[in-house]
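A short write-up of the structure that comes next.
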Amino acid sequence: RLYGIESGTGATAVVLAHEGGADLCGWLSYMETLDPAGIRAFAFDFRGYGNSDVPEDASLALGCDLAAALAQVRADGAKHVFLMGASMGGAAVVQNSADIRVDGLISLSGTRLWSGYGINDPSDVRGLSAPFLYVGSRQDTRAPLDEARSIFDSVGSRDKQIVLYPGGAHGTTLVDV
């Protein structure tokens, strides 16, 4: 079972995937920003993190977790859904979501998954077709600029944009209010 928290009631939802070594709490302040804008937000803990169950075989299934969170917001009435992940969650959005139908994908500093954090799937990157936004920073040592640009260039979406801020901000710090 996955643990999640939802706020807002809009027809548009954003599924928020957390950073490695963290849990959904990293998104709580951003959820407060989305609520007044009429955007439903759903943050969840990947399996083995926070309050979600630990998988019996100790393996991550980030794509399955993203799909389950998406199914939940659709069941709750969302008509338009975006996947947004930070760091590990952003890498999961990039590497493990090609088979998930969404209105858009957003990665904050997510490029590739580090060893032990899941499976990188280059075919998934080329298979992405939803509009894609990558947000990062130029001096981010955990998502180096060359790697971010390389992953971005590999994304199959025709509608894509990369935004790189000065400094070294990483993950949810890019949207902290």
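Values as computed for the structure displayed
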{"quantity": "Residue satisfying condition, being among the hydrophobic types (A, V, I, L, M, F, W, C) and under 21 Å from TRP27 (Cα atoms), within set ALA75, ALA98, ALA71", "calculated": "ALA71"}
{"quantity": "Considering residues of the range 10-23 that are in contact with a strand residue (DSSP E or B) (Cβ under 6 Å, 6 or more places away or on another chain) and open to solvent by 10 Å² or more (accessible area, probe 1.4 Å) only, the residue nearest to GLY104 (Cα to Cα)", "calculated": "VAL14"}
{"quantity": "The range 128-177: number of residues that are in contact with a strand residue (DSSP E or B) (Cβ under 8 Å, 6 or more places away or on another chain) and among the basic types (Lys, Arg)", "calculated": "3"}
{"quantity": "Tally, over the range 46-62, of residues that are touching a residue at least 40 places away in the same chain (Cβ under 8 Å), touching an Asp or Glu at 6+ places or on another chain (Cβ under 9 Å) and open to solvent by less than 40 Å² (accessible area, probe 1.4 Å)", "calculated": "2"}
{"quantity": "Qualifying residues in the range 159-177 (those that are assigned to a loop (DSSP other than H, G, I, E, B) and touching a helix residue (DSSP H, G or I) at 6+ places or on another chain (Cβ under 9 Å)) - the one least open to solvent (accessible area, probe 1.4 Å)", "calculated": "VAL175"}
{"quantity": "Residue in the range 67-76 that is of a type in the set (A, V, I, L, M, F, W, C) and over 17 Å from the mean Cα position of the chain (by Cα) present", "calculated": "yes"}
{"quantity": "Among (1) without any contact (Cβ under 8 Å) to a residue 60 or more places away in the chain; (2) of a type outside the set (Phe, Trp, Tyr); (3) more than 14 Å from GLU19 (Cα to Cα), the one test that HIS80 misses", "calculated": "(1)"}
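The values are calculated or read from the model by the stated rules, or taken from the named source; none is laboratory data. All values derive from a computational prediction rather than experimental measurement. For neighbour counting, all protein chains shown are included, and Cβ atoms are generated from backbone atoms with ideal geometry for every residue, glycine included. Just the protein is used for accessible areas: all its heavy atoms, side chains included, with ligands, DNA and RNA removed. Shrake-Rupley method; radii C 1.70, N 1.55, O 1.52, S 1.80 Å.
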